[in-house]
Amino acid sequence: MPTYTYRCNTCKELTEVNQSIHDIPLSHCLKCNGETNRIITSDFSIQFKGSGFYCTDSK
Ligand SMILES: [Zn+2]
């Protein structure tokens, strides 16, 4: 299942979600409900530093 990373336009929060291509994309920030942009990360992992990053692991 691919992992998608979204960045909030408002608070710059990064949210990583595991979802299938059939799932509805995360369009709003879980924190502030602002608009999010999907970041393409393909298959390599990126190390995010800072306190604003957390994982949403839906298995
Ligand atoms: Zn936000």
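The values are calculated or read from the model by the stated rules, or taken from the named source; none is laboratory data. From a predicted model like this one, the values you see are computed outputs, not experimental measurements. Cβ placement follows ideal geometry from the backbone for every residue including glycine, while neighbour counts extend to all protein chains displayed. Each accessible area value is taken on the protein alone, full model and side chains, heavy atoms only, with ligands, DNA and RNA left out. Shrake-Rupley method; radii C 1.70, N 1.55, O 1.52, S 1.80 Å.
Numbers at a glance
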item: Filtered residue count, the stretch 3-13, keeping only those that are on the phi < 0 side of the Ramachandran plot, modelled with pLDDT of 90 or more and either part of a loop (DSSP other than H, G, I, E, B) or open to solvent by 30 Å² or more (accessible area, probe 1.4 Å) (or both); result: 5
item: Tally of residues being closer than 19 Å to Met1 by Cβ, over 10 Å from the mean Cα position of the chain (by Cα) and not hydroxyl-bearing (Ser, Thr, Tyr) across the stretch 13-35; result: 5
